[in-house]
Structures are given as C-alpha cells and as structure tokens.
1. When you go through (1) more than 17 Å from C:S93 (Cβ to Cβ); (2) in contact (Cβ under 8 Å) with a residue 12 or more places away in the chain; (3) among the polar types (S, T, N, Q) one by one for B:Q22, which number turns out not to apply?
2. Would you confirm whether or not region C:47-69 contains a residue that is within 30 Å of A:K127 (Cα to Cα), polar (S, T, N, Q) and within 14 Å of chain B (Cβ to nearest Cβ)?
3. Residue by residue through region B:29-47, note down the ones that are closer than 27 Å to B:V68 by Cβ and in a loop (DSSP other than H, G, I, E, B).
4. Pick from B:E26, B:E10: which is acidic (D, E), part of a helix (DSSP H, G or I) and over 12 Å from the mean Cα position of the chain (by Cα)?
5. Does B:V56 satisfy the condition of being touching a residue at least 12 places away in the same chain (Cβ under 8 Å) and aliphatic (A, V, I, L, M)?
6. Considering C:D55, C:D32, which residue is modelled with pLDDT of 95 or more, under 15 Å from A:T42 (Cβ atoms), charged (D, E, K, R) and surrounded by fewer than 18 Cβ atoms within 10 Å (Cβ to Cβ)?
7. Just to check your reading of the model, which residue among A:S121, A:S95 is at pLDDT 95 or above, under 19 Å from the mean Cα position of the chain (by Cα) and at the interface with another protein chain (Cβ under 7 Å from one of its Cβ atoms)?
Amino acid sequence: MKILSVRTTERNQFIDITNQIQRCVEEEGLQDGIVCIFVPHTTAGITINEDADPDVTYDVQNTLSRLVPHHGSYRHAEGNSDSHTKSSIIGPSLSVIVENGRLQLGTWQGIYFAEFDGPRSRQCWVKTIPSR
Amino acid sequence: MKILSVRTTERNQFIDITNQIQRCVEEEGLQDGIVCIFVPHTTAGITINEDADPDVTYDVQNTLSRLVPHHGSYRHAEGNSDSHTKSSIIGPSLSVIVENGRLQLGTWQGIYFAEFDGPRSRQCWVKTIPSR
Amino acid sequence: MKILSVRTTERNQFIDITNQIQRCVEEEGLQDGIVCIFVPHTTAGITINEDADPDVTYDVQNTLSRLVPHHGSYRHAEGNSDSHTKSSIIGPSLSVIVENGRLQLGTWQGIYFAEFDGPRSRQCWVKTIPSR
C-alpha cells in the first residue's frame, strides 16, 4: 500500500487529497479496478463532497459540530469524544472506481481527509485492487 | 464500469436499486467477489436498509431531515447545504459481497439510492471486482 | 465468504471483532489485498474506533442515541426506527487493507460490530479480495 502524509492546521478541517490519490493510482500502475482509501486514525475520517465552493465543506463541518459539540456530557477524559463520534459517522474507509488509470469521480466531487481533532500530522493509506 | 440511471421525484427520496445492481452483476458475469457501488453526486448517497415496510426509509429520511434541516445558518448560497451534509453522513460508496453470481444481502436488506436534493436525473456507477 | 457469529447482550452495544476478522484473513490465506466486512442486518452496522478506553465507544453510542432517540415521532410500528436510522448513519460495510497476511489498522483502531437493536444473535460476513 501507499502511505500519504496529511498535515492539518485546524481542529476541524477538510483537506482535499484527490490529486494525491490520483498520483498513488498512477504510481501503482492501476488501470482498471478500485482504490481503497483508509484512514488509520480514530478521530478523523474520509469523505467525498463538493470541491468547487469551499463554503460547502465549511457547512458540512459546522453542521457536524452543531450535532456533536466539542464539550458535552462525555465520559472519555481526553476531551475529544466529539472527534471519535464524528469519525464513526463519516467513516474510515472509501472505495473509488478507477478506469483507464483515472479516478472516476463526478463533476463536483473531491476526496477529503476529514480532520476532527487537529492540528496533527496524519496519514492516509491507499491500496489499489485490479478488476481482473 | 456500468452506469445506472436513477430518476428521483422528491427532494428527499430513497429509491430501491437492488434489482438494477443484481442485473449489473449478471451482465458483468461476476460469479464471486464484491460489487462496488458509487454515487457520483455530492447531494446524494448510497445506503442499505429494510425494504419490507416503506415506513422504515420514511423514518430514516425524516430523522436525517430533523437533524440537518433544509433551512439554517449555512454559508453556501445554493440552499442545499443540508443535502451536502447528509451526503457525507450517509456516504457515496458501498461494497456488497457476490457469491455464485448473486448479491449477498440479509433477509430484509435492500440497496437504496438516497436522494437529498431532488427531483433530478441521477447516476449510480457499478464496478465488479472478482475475488480470484 | 466467511460467516462470523456475534452475540449481543444490550440494545446498543459495540463489540470488538478485530481478532475474529484477522482469523478469517488467515483462514482464507489472504496475503495482500482488502477484506470486505458486511453486516446483513438493517438495525446494526460496522465501524472502527478506539479500542483502548471503553469510554470512547460508550460516548459514541450515547451521542448517537441522543441524536436519534429510541422513542420519537416515528411511523414504523416496530419501535426500532432509531436502530434503522443509526444503521444507515454508521453503514453496513467497511473495507480494511491486508498486507503480509495482517489487517492494517492504526495503533488505536479496533473493528466493531455496532448493535442498535439487541440483544440478538447476529452475523458478520467477511470476503477477502486479493490485490493481484
């Protein structure tokens, strides 16, 4: 697998990693299949959303933070139960289709590393699976 | 990959696409492996839930809309930040196991295209991956 | 595919199945690829979160139950619309990378069967897909 490094600078932040994932697909030489993207952290996730207007990912993050506030009646003593909860809601893995060596994404789609407990140095693991 | 067309008629709507996915598996001749289902939109998603009582998907949609209301303090000017948020919560991709040419689903499970900003003409992309 | 049995004892409960999944990978002889984990139920899901402090999964469950309460204005007559909704939020399938015959997980990650309508006897289906 390939290991991507992601540097986050905010507590909650969506970072567009589409180009890095495309580069992995090329380095692995995958022409046709799927790419499995996996986040090895329990306070982050991986998602796909609009990459045209940055207000979209702002609104998504902000809505998640309204639903799952930083401070609340949590038991876990590290003060990041909100981050763990968002991680399970958004999820740690995604699969994207690859054809002719290119990620197949909709017109407005970008792949985002979803940070919920930054700033931190993070990783994203990428595995290519051929369809034949 | 195969491209399915889905026509939605409501702003929020779950459409059962299980039979269409099964047909893709047959057309691609997959006997044994997984099928990766991918929604190329940022205001829709893909999910699995009960297909026996339509009240179930009604309640799921309705609960999501209570948590993430259409109108609120959003920045994105197009009035569909709720749809984008639900898309990230439900997710754009799912993998289902295939054995002997058949989708492996639980007794009550159906695969649903989850529309969050309809009515629209939508697509669903399907890729089969053999297990050997 | 392999079928795991999971016995839950609470209505809402996260059960760590990491070791059972690792055993499936070994029994199937997968060295390099992905393992697709699928829950064939509509009132349960599969997630990954911290396995060190049990307060983390307690907080995740508790927060989900605050957002989606057991009793509310639901149409579905069986009294478990909350369980169905949580199932769609958490999701029924996950893919995890395998290298050298080992599940690739972050330091703090465990794989959890997420029960939302227990106690019940449940299953988890596991399919291995090689990367070449």
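1. (1)
2. yes
3. Here is the first cut: in region B:29-47, the ones closer than 27 Å to B:V68 by Cβ are B:36-47.
Within region B:29-47, B:V39, B:P40, B:H41, B:T42, B:T43 meet the criteria.
4. Numbers: B:E10 fails: part of a helix (DSSP H, G or I).
Exactly one of B:E26, B:E10 is acidic (D, E), part of a helix (DSSP H, G or I) and over 12 Å from the mean Cα position of the chain (by Cα), namely B:E26.
5. On the way: touching a residue at least 12 places away in the same chain (Cβ under 8 Å): no; aliphatic (A, V, I, L, M): yes.
So B:V56 does not fit the description; no.
6. Numbers: C:D32 fails: under 15 Å from A:T42 (Cβ atoms).
Unique residue meeting the criteria: C:D55.
7. Details: A:S121 fails: at the interface with another protein chain (Cβ under 7 Å from one of its Cβ atoms).
Result: A:S95 is the single residue among A:S121, A:S95 that is at pLDDT 95 or above, under 19 Å from the mean Cα position of the chain (by Cα) and at the interface with another protein chain (Cβ under 7 Å from one of its Cβ atoms).
Residue-by-condition table, conditions (1) under 24 Å from C:F38 (Cα atoms); (2) buried (at least 19 other Cβ atoms within 10 Å of the Cβ); (3) not polar (S, T, N, Q):
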residue: A:S65; (1), (2), (3): no, no, no
residue: A:H70; (1), (2), (3): no, no, yes
residue: A:Y74; (1), (2), (3): no, yes, yes
residue: A:G79; (1), (2), (3): no, no, yes
residue: A:D82; (1), (2), (3): no, yes, yes
residue: A:G101; (1), (2), (3): no, no, yes
residue: A:F113; (1), (2), (3): yes, yes, yes
residue: A:F116; (1), (2), (3): no, yes, yes
residue: A:Q123; (1), (2), (3): no, no, no
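The values are calculated or read from the model by the stated rules, or taken from the named source; none is laboratory data. Just so it is clear, the structure is predicted and the values come from calculations on it, not from any experiment. For neighbour counting, all protein chains shown are included, and Cβ atoms are generated from backbone atoms with ideal geometry for every residue, glycine included. Ligands, DNA and RNA are excluded from the accessible area calculation, which covers all protein heavy atoms including side chains. Shrake-Rupley method; radii C 1.70, N 1.55, O 1.52, S 1.80 Å.
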